[in-house]
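Worksheet: one structure, shown below.
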């Protein structure tokens, strides 16, 4: 029998390490080991996600990874909010993490995908109809859930009342569910890559291989979040050491959780499958809002303290320019290095201002 491949061994070992260190405060050596397994678990998750995606085809493969990562992201946010008590830092954790996920996906992942796609063929081509639909849904969800709380008057501060939060949760689930139907049933051709890379013609994995990879993908994602939580104390100390605000913790969490999708998007862009990269990026942004906000709304029933969802003025400006630039990028159906550079500069501005507001 062949020895197990590292992509099979790593998720199991990382999960065991997560269970062994859960709730503890390990020393530096354990944190370094956990960091190494965190990186390995991310790479393993990317591999298994691609196996599943190859078996089920687009856009189902991108949907599997987006939903799986978002479910784990919700679990991490709720866990950190519970363990952090009712302080002001935990009150904004959900908002900071979700907004960071939106900016990372719509600017960071989209930007690097465009850059790689344009370097490959001069211009990056994709389906304007499907991409525009996804971007419009992301922008609507972001405004309803993250911008309106800063302007409503029924509750003090950038918060929703109970009724307003319930409406935002129902609206989020409705929009996300409708998009899934459009993406996978009604207009699936809008989300299928226009060109096929050489890897597309490789042998399709069997049902057994796909199910095994699906299980290992979920195990790897659980390990990623568990180890990220283990590293959260060190992350908070590092954020404080550089003088960054507590909201930067949410940015780091989003970066860690979205690593599998980022790497998968980069690999697809290098194969001239920019549409698949966009499916991953915008699908993740949509799931991050459309699934996280309803889950946090339910969790807020027993969580102590306020739930601050409204963005600040700087964040609203970044979101607005992202929506405008995103629309100008996707409507022609192709883009150059310039568009990729614009999105990456917006991503850099978001990261810089998160550290130095």
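The values are calculated or read from the model by the stated rules, or taken from the named source; none is laboratory data. Note that the structure is a prediction, hence the values are computed from the model and not measured. A quick note on method: Cβ atoms are made from the backbone with ideal geometry, for glycine too, and the neighbour counts reach across all protein chains shown.
Data overview
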quantity	calculated
Hey, residue 161 out of contact with any strand residue (DSSP E or B) (no Cβ under 6 Å at 6 or more places or on another chain) and modelled with pLDDT of 85 or more or not	yes
Any hit, region 42-51, residues being out of contact with any strand residue (DSSP E or B) (no Cβ under 6 Å at 6 or more places or on another chain), part of a helix (DSSP H, G or I), free of Cβ contacts under 8 Å to residues at least 24 places away in the same chain and on the phi < 0 side of the Ramachandran plot	no
Residue under evaluation residue 246, criteria (1) in a helix (DSSP H, G or I); (2) modelled with pLDDT under 85, criterion not met	(1)
Number of positions in region 215-254 that are within 18 Å of the chain's Cα centre (by Cα) and under 27 Å from residue 17 (Cα atoms)	21
Scan of region 124-173 for residues that are closer than 20 Å to residue 106 by Cβ and in a loop (DSSP other than H, G, I, E, B), ordered by number	126, 127
Selection count, region 191-210, where residues are modelled with pLDDT of 60 or more, exposed (fewer than 13 other Cβ atoms within 10 Å of the Cβ) and in a helix (DSSP H, G or I)	2
Region 158-185 residues that are in contact (Cβ under 8 Å) with a residue 60 or more places away in the chain and on the phi > 0 side of the Ramachandran plot, paired with ones that are assigned to a helix (DSSP H, G or I) and crowded, with 17+ Cβ neighbours inside 10 Å (beta carbon under 9 Å, 6 or more apart)	none
Matching residues in region 75-94 - criterion: being part of a helix (DSSP H, G or I), farther than 19 Å from residue 234 by Cβ and at pLDDT 75 or above	91, 94
Sole exception among (1) surrounded by fewer than 18 Cβ atoms within 10 Å (Cβ to Cβ); (2) closer than 24 Å to residue 73 by Cα for residue 111, by number	(1)
